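Below is one structure, written out as structure tokens; comments come after it.
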Amino acid sequence: MLDFETLFEYDAWANREVLAAMRKAGVPPRRSVELLSHIVAAGKVWLCRIRQVDEKVVVWPSWSLDEVQEELSQVAAEWGEFLRNADQDVLSKSFSYVNSKGEAFTSQVGDTLMHVIMHGAYHRGQIASDMRANGIQPASTDFIIAVRQGLLTRAQKA
């Protein structure tokens with residue numbers, strides 16, 4: 001059965017593929033860069049919330065591709081560490097946080113992890129549409145592509 005380590009490994013791979021397609025484009029559409037920046041920043045926001053760390057992270061940053069790459073590497077490593085050190089009980093634990101609108105919520109860790117994965121996939125779809133609309137070939141980021149190419153170490157062990 002798939003686990004969150006595999007899904008987050010896939011998510012990081014898919015984001016790197018999108019970044020590579022943007023670099024290949026030369027000058028990617030600004031909206032596409034904004035969306036990828038948002039995917040990475042939101043991943044960092046959720047990790048801080050789960051860890052109960054009060055770090056000020058801008059949800060819609062204006063990053064260059066180099067900054068996206070740096071932040072992506074960092075947040076992917078942090079998620080990997082978090083997941084390697086988490087046990088099954090962590091998924092059912094709840095945590096409280098205040099969103100960017102100042103609203104207070106309580107969520108379960110497992111639900112939040114699934115949200116982060118689906119959030120990234122949603123916005124990568126928007127990026128693909130935006131790139132196509134601008135005459136640029138987007139990255140192919142289907143999960144099965146990563147599995148077929150042997151790019152997900154966790155999936156190969158399953």
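Run residue 149 past the list (1) over 14 Å from residue 32 (Cα atoms); (2) crowded, with 16+ Cβ neighbours inside 10 Å and report the number of the one that doesn't hold.
(2)
It is to be established whether one or more residues within the range 5-14 are outside any helix (DSSP H, G or I) and farther than 17 Å from residue 61 by Cα.
No, the range 5-14 has no match at all.
Pick from 56, 24, 101, 44: which is modelled with pLDDT of 95 or more and exposed (fewer than 12 other Cβ atoms within 10 Å of the Cβ)?
Of 56, 24, 101, 44, the one residue that is modelled with pLDDT of 95 or more and exposed (fewer than 12 other Cβ atoms within 10 Å of the Cβ) is 24.
Any idea which residue in the range 104-141 is farthest from residue 18 (Cα to Cα), counting only those that are more than 14 Å from the chain's Cα centre (by Cα) and of a type in the set (D, E, K, R)?
111
Scan the range 21-51 residue by residue and report those that are part of a helix (DSSP H, G or I) and closer than 11 Å to residue 68 by Cβ.
Matches in the range 21-51: 22, 23, 32, 33, 34, 35, 36, 37, 38, 39, 40, 41.
Kindly provide the set of residues from the range 90-115 that are touching a residue at least 24 places away in the same chain (Cβ under 8 Å), closer than 17 Å to residue 53 by Cβ and of a type outside the set (S, T, N, Q), ordered by number.
Result: 95, 97, 109, 113.
Does residue 132 fit the bill of being surrounded by 14 or more Cβ atoms within 10 Å (Cβ to Cβ), on the phi < 0 side of the Ramachandran plot and either at pLDDT 95 or above or in contact with a helix residue (DSSP H, G or I) (Cβ under 7 Å, 6 or more places away or on another chain) (or both)?
no
Tell me, which residue of the range 59-90 that is surrounded by fewer than 18 Cβ atoms within 10 Å (Cβ to Cβ) and of a type in the set (Asp, Glu) is nearest to residue 3 (Cα to Cα)?
Out of the qualifying residues, it is 87.
I need every pair where a residue in the range 72-89 that is small (Gly, Ala, Ser) has its Cβ under 6 Å from the Cβ of a residue that is surrounded by 16 or more Cβ atoms within 10 Å (Cβ to Cβ) and part of a helix (DSSP H, G or I), sequence separation at least 6 or different chains.
The qualifying pairs are 76/12.
The values are calculated or read from the model by the stated rules, or taken from the named source; none is laboratory data. All figures in this text were calculated on a predicted structure; none of them were measured in a lab. No Cβ is skipped: glycine too gets one built from the backbone with ideal geometry, and neighbour counts run over all protein chains shown.
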